[in-house]
Amino acid sequence: MTVRSPRSKVVAPWVRTRLRTAPGTALALALLVAVTAFLAAALPRSVDRYGDTGLRQAVESAGAGRTVMQFNAPPDYGAPAPERDAGLRGAALEEYHAGIIRATDRALPLDRAQSASGVRSTEPQDMAEPWLPRPDGLPPRLDLVAQSGLTEHSRLAAGRLPRAPQDVTARTPRVEGAVSTDTARRLNIEVGSVLRFPGVQRDPLEVRVTGIVEPRDPRGSYWSVAPLMRTPVLTVLYGDPELRQYWKGALLLPPDAAPALLGTATEPYRYWNLAPAVDDLHGHDVPRLRTAVAATESGPALQRVREATSPLVSATTDLDEVLAHYERLRTAIGPLVAVAAFGTGTVAAVVLLMAGGLAAGRRRAELALLRARGGSLTGLGGRLLAETAVVALPAAALGLAAACLAVPGARLPYAVAAACGVALLGCLALPLRAVAAHRAVGVHTGREDVTAARPSRRRTVVELTLLTLSVGAVVALRTRGTSDGSDATGDQLVSLAPVLVAVIAALLLVRLYPLPLRGLARPARRLRGAVGPLSLARAGRGGGSSVLPLLALLTALTTAAFGGSVLSGVADARDRTALLTVGADARVESLHVLPPGLADRVRRTAGVDGVTVAGISYYARPQDGRDVVPVAAVDPAPYAAHTRRTGIGTFDASV
């Protein structure tokens, strides 16, 4: 009787064995994937952050007067006097304000702290008080503003905040008010000053200044929608040929004193200002924001606002124009950003493929032996995939986490997709290269020799296709430049131009590389020594992966060269635009006559090469007085020399 002992099967796990036998290779792959995943994930997040910063700067630079959503409505003159007066008081306006916010808050991110409601005058009134400043003999003109939130948005500099009498009506003879510190300083207003506004079928309305306030946030939307609340300005009288000036400012009333404006000639109106939350604006959200603004100006949102307030409410804002300008700018620079993304992405992909190709070449004998001993392509590819996945996936996750920490406040999906792409490429580079190299079973392979190899027809077709695409991309880049965003396919082709040029250059160099070797191989055979022939023979042997380092280098160089040329062109265009706008490197101007001797003092300033004096009148009238034309008075000789130096349009001084 024969007893068979059970066969003992000892299995050595492939992945654990490879990690133990080649820890350095695994660590290098992990480091490469982690760094690449970090850069790939950080790129879209950085683009998002730059887009958000650009949009916020565009909104802030446009000013609150353009970006705040303003709702206006006249008083309800058809209602009885008590209801009309009650509709102008602070409680009613705040209730309407809450309804407007509920109707629009879902569409627009709002800064409720900087939003406000109130009543203000349409027409500023001439002040007859003799103690007010009159620069050119013209009386100052003041607005009356009864806006909510004065206590929260200002600090008291002198006196006390104004208080409204009970039940203020259109017949109330006097109310209390306040002015800002700038208004008090420039208009000589003090605590206790009384200003009189002309009345309609009644005596003038007396406003007694009880306090001087200083804005807590002068640049905030609360004070910037109507800058006269904060700072008075010198204004040129419209149509005056002498350009005489007068002061224009505002007095601040308590919200419950607004009904007193009905008895004046100021033509008051109600308003509600909704300030956008700048920190909550995102560049990628501009299309939705534009739709929301359009709906609020003349769409369903405006209809909901009218249902919550008054049918006579109208909405005005320039936020849609600011968003449209930003979107046009972003569309213009989008292809340039795509060039950088395509270039760096190509370099990163080539580096990962090159790492996989080098690993497959280094393990060629091992993998060929496995295939010769019966290993299948599926099993071989699966084992190599598991081997690289154990290293690449945690490294890619680590790179993604580092990118999220380094670049916070941006969208996550694009970063995750980029990191997953890196992880996938890092996992598949070695298995795919090994499967492609070991499709046929064989231990010994023919020696690779680029001097004797002949490219296949498939390679020729692929190279010709890439050459055609490259020529088309370069032609499109030269003729169109960056498009207006109407042709997305054309934009992508233009953005791929540097990468395609690098690919063609690499393939062309690989094609031309055997030619000098072939030319030198024959005369080298006649040499007596062995160094020359052996060196040429060694140079002629190489794998197909030799094109990858060349492609990575050329792609990096072409992308950097293209980006440098674009930056240089933008800098030159900006300098040229500034020169054409100013007319020189710097300009000193004033609405009035400049101090005598100023030109000589500026001319003696260090760094000044020359000074040209000119006087310009933009509203000069010919003798018939029908048209207004600009006239410049200059000394012909130095001004002609100035135009020749700046290149803004020369003329003959003798003429």
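Report, in degrees rounded to the nearest 10, the 0 to 90 angle that the Cα long axis of helix 547-582 makes with the longest principal axis of the chain.
20
Mind checking Rg over Rh on the chain, alpha carbons, Kirkwood formula for Rh?
Across the chain, the Cα-based Rg/Rh ratio is 1.16.
With each run of n ≥ 4 DSSP H residues scored as -39500 (n - 2.57), what mean residue ellipticity at 222 nm is computed for the chain after dividing by its residue count and rounding to the nearest 500 deg cm²/dmol?
Values: 21 runs with 335 residues, N = 655.
One gets -17000 deg cm²/dmol as the mean residue ellipticity at 222 nm.
Note down, for segment 61-157, the three equivalent ellipsoid semi-axes (square root of 5 times each alpha carbon gyration tensor eigenvalue), biggest first, whole angstrom. Provide the component values of the computation, followed by the final result.
Numbers: eigenvalues 173, 86, 38 Å².
The three semi-axes for segment 61-157 are 29, 21, 14 Å.
Antiparallel DSSP bridges in the chain: what percent, to the nearest 5?
Numbers: 40 of 53 bridges.
Of the beta bridges lying entirely in the chain, close to 75 percent run antiparallel.
At 7 Å along Cα-to-Cβ for each site, give me the label-to-label distance between residue 190 and residue 217 in nm.
Between residue 190 and residue 217, the simple spin-label model gives 3.5 nm.
How many times 2.2 N^0.38 Å is the alpha carbon radius of gyration of segment 257-381? Can you show the working numbers first?
On the way: Rg = 31.5 Å, N = 125, 2.2 N^0.38 = 13.8 Å.
Rg over 2.2 N^0.38 Å, computed on Cα atoms: 2.28.
If each residue of separation counts as 0.36 nm, what is the full-extension length gain between residue 653 and residue 81 once their alpha-carbon separation is subtracted?
Numbers: separation 572, 0.36 × 572 = 205.92 nm, distance 7.12 nm.
Contour length minus Cα-Cα distance gives 198.8 nm.
About the Cα centre of segment 28-120, what is the dipole size in debye to 20, counting +1 per Lys and Arg Cβ and -1 per Asp and Glu Cβ, all else neutral? Walk me through the intermediate numbers first.
Values: 10 positive and 10 negative charges, 55 e Å.
So the magnitude is around 260 debye.
Karplus couplings for segment 637-645 from phi (6.51 cos²θ - 1.76 cosθ + 1.60, θ = phi - 60°), rounded to Hz, Gly and Pro as x?
5, x, 6, 5, 5, 5, 5, 5, 5
At a Förster radius of 51 Å, what calculated FRET efficiency corresponds to the Cβ-Cβ distance of residue 439 and residue 566, to the nearest 0.05?
On the way: r = 44 Å, r/R0 = 0.87.
Once the sixth-power term is evaluated, E becomes 0.70.
Around residue 91, what is the net charge, scoring Lys/Arg as +1 and Asp/Glu as -1 over all other residues with Cβ under 15 Å from its Cβ?
Working: positive: 84, 89, 270; negative: 83, 85, 94, 95, 167, 256.
With Lys, Arg at +1 and Asp, Glu at -1, the neighbours total -3.
For residue 27 and residue 468, what does the FRET efficiency come to when R0 = 45 Å and r is the distance between their Cβ atoms, rounded to the nearest 0.05? Write down the numbers at each step before the final one.
On the way: r = 43 Å, r/R0 = 0.95.
The value I calculate is 0.60.
Work out how much length residue 236 to residue 635 would gain on full extension: take 0.36 nm times their residue separation and subtract the Cα-Cα distance, in nm to one decimal.
On the way: separation 399, 0.36 × 399 = 143.64 nm, distance 2.79 nm.
Result: 140.8 nm gained on full extension.
What FRET efficiency comes out for residue 169 versus residue 589 if R0 is 60 angstrom and r is the Cβ-Cβ distance? Round to the nearest 0.05.
Numbers: r = 50 Å, r/R0 = 0.83.
So, using R0 = 60 Å, E works out to roughly 0.75.
Any idea what angle helix 377-406 forms with the longest principal axis of the chain, computed on alpha-carbon atoms, 0 to 90 degrees, nearest 10?
Helix 377-406 sits roughly 30 degrees off the main axis of the chain.
At a 10 angstrom cut-off on C-beta neighbours, averaged per residue, how do the peptides 352-362, 255-265, 274-284 rank from highest to lowest?
Numbers: 352-362: 20.4, 255-265: 23.8, 274-284: 18.2.
Per-residue Cβ counts within 10 Å, averaged per peptide and sorted highest first, yield 255-265, 352-362, 274-284.
Evaluate the distance, in nm, between pseudo-label points positioned 7 Å from the Cα of residue 332 and of residue 378 along their respective Cα→Cβ axes.
About 5.8 nm separates the two model spin labels.
Describe numerically, in nm with one decimal, the distance between label points set 7 Å from Cα along Cα→Cβ at residue 578 and at residue 417.
For residue 578 paired with residue 417, the spin-label model returns 3.9 nm.
Where does helix 413-437 land angle-wise versus the long Cα axis of the chain, in degrees 0 to 90, nearest 10?
The helix 413-437 is inclined about 10 degrees to the chain.
Per Stokes-Einstein, at 10 °C and 1.306 mPa s, what whole-number D in µm² s⁻¹ belongs to segment 583-655, with the Kirkwood radius over Cα pairs as the hydrodynamic radius?
Using the Kirkwood radius from Cα pairs, D works out to 112 µm²/s.
Rule-based calculations on the coordinates, nothing more; no lab input. Keep in mind that what you see is a predicted model, and the values were worked out from it rather than measured. Heads up, the Cβs are rebuilt from the backbone with ideal geometry, glycines too, and the neighbour counts pull from every protein chain shown.
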